Amino acid sequence: MPTISARSTPCTAYTVPSAITSRSTAVLTMVDVTSVVFVVDDDISIRESLELLVKRQGWGCETFASAQEFLSQPRATVPCCLVLDVTLPGLNGLELQQQLADRGDMPIIFITGHGDIPMTVQAMKAGAVEFFTKPLAQEVLSGAIRAAIERSRAALRQAAEMHVLRDAYASLTPREREVMALVVLNKQVGGELGISEITVKAHRSHVMHKMNADSLADLVTMAARLGVRSVPHH
C-alpha cells in the first residue's frame, strides 16, 4: 500500500453535492463548492505530499506550517476537515484542537511521527475522528478524509436547517408561540388561553404556514429540535 513520507500519487476525483434543503418549500442553497482539506504540519515534505494527495482526489487543499498560521485564516464555510500534526512549533496540535472545540463542522484527523497511547486517547476523547502514525497509508488516509468531509457536510446541513427553523420561529407572534407550544404539548389550546376554537384554528394555521410544517407531527419534530417544551411567558 502506498504511503506518504515525502511525495505521493493518489486516485479518483470526488465532488460534493451542494444543495441544503430544510423543507419542501423552504430551501437554503449553497453555491457548488469544492470541499477543503486543511493541513497543518511543520514538515514541508509532508505538506506537499498531502497537498498532492488531496488535490488529486478532487478536494481543495490549504497548507500551514504552524497552528498560529492556521488560526490567522478566515473560518471556512464549506465542507472541510483538518489534517493536523501533533508536534508543532509554538502551539501544538492538541492545544489547537482545544481552541477548535466548537468547530463540529471541521473534523480533525491527527497525524504524528511519534505518538503514544495517552496522546491518542487525549485526542480521541477531545473529538478527533482519526489518529494516524507516519508514514501514512494513502488509501487509509483518503478514506478517513472522505468520511470526515461527509461528517462536515452533515453538520453544515444541520446548522443550515436549524438556522431556517430559528428564523421561522422568530417570525411567530407571542400568541402564535403560545399556540404552538400548547399544540405540541397536546393541550386544549382554547381553554388554556381563553380564546375561541375559531381563533385557535386561525392561529394554528398561521403557525403551520410560518413554520412550513406539513403536519402536526412535523410541527412536533420542529418544536423538539428548537427545544420548545413549555408555553413561553411574556
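State which residue pairs qualify: first residue more than 19 Å from HIS114 (Cα to Cα) and in a helix (DSSP H, G or I) and inside the stretch 37-52, second residue open to solvent by less than 40 Å² (accessible area, probe 1.4 Å) and at pLDDT 95 or above in any location, beta carbons under 7 Å apart, and separation of 6 or more residues or different chains.
Close Cβ pairs (under 7 Å, with a partner that is open to solvent by less than 40 Å² (accessible area, probe 1.4 Å) and at pLDDT 95 or above) amount to GLU51/VAL39; GLU51/CYS61.
Is it the case that some residue within the stretch 146-153 is in contact with an Asp or Glu (Cβ under 7 Å, 6 or more places away or on another chain), modelled with pLDDT of 95 or more, under 25 Å from ALA76 (Cα atoms) and not aromatic (Phe, Trp, Tyr)?
Filtering the stretch 146-153 for residues in contact with an Asp or Glu (Cβ under 7 Å, 6 or more places away or on another chain) gives 152.
Still in the list and also modelled with pLDDT of 95 or more: 152.
Cutting the leftovers down to under 25 Å from ALA76 (Cα atoms) gives us 152.
Filter once more, keeping what is not aromatic (Phe, Trp, Tyr): 152.
Yes: one or more hits.
Show me the strands (runs of 3 or more DSSP E) entirely contained within the stretch 63-169 in which 1 or more residues are surrounded by fewer than 21 Cβ atoms within 10 Å (Cβ to Cβ), free of Cβ contacts under 8 Å to residues at least 40 places away in the same chain and touching a helix residue (DSSP H, G or I) at 6+ places or on another chain (Cβ under 7 Å).
Values: elements: 80-85, 108-112, 130-133.
In the stretch 63-169, the matching strands (runs of 3 or more DSSP E) lie at 130-133.
Among the residues of the stretch 206-220, which ones are farther than 11 Å from LEU172 by Cβ, open to solvent by 70 Å² or more (accessible area, probe 1.4 Å) and free of Cβ contacts under 8 Å to residues at least 40 places away in the same chain?
LEU216
The values are calculated or read from the model by the stated rules, or taken from the named source; none is laboratory data. What you see is a predicted model, and the numbers here were worked out from it, not measured in a lab. As a convention, Cβ positions derive from the backbone with ideal geometry for all residues, glycine included, and neighbour counts pool all protein chains shown. What goes into the accessible areas is simple: the full protein's heavy atoms, side chains included, and nothing from ligands, DNA or RNA. Shrake-Rupley method; radii C 1.70, N 1.55, O 1.52, S 1.80 Å.
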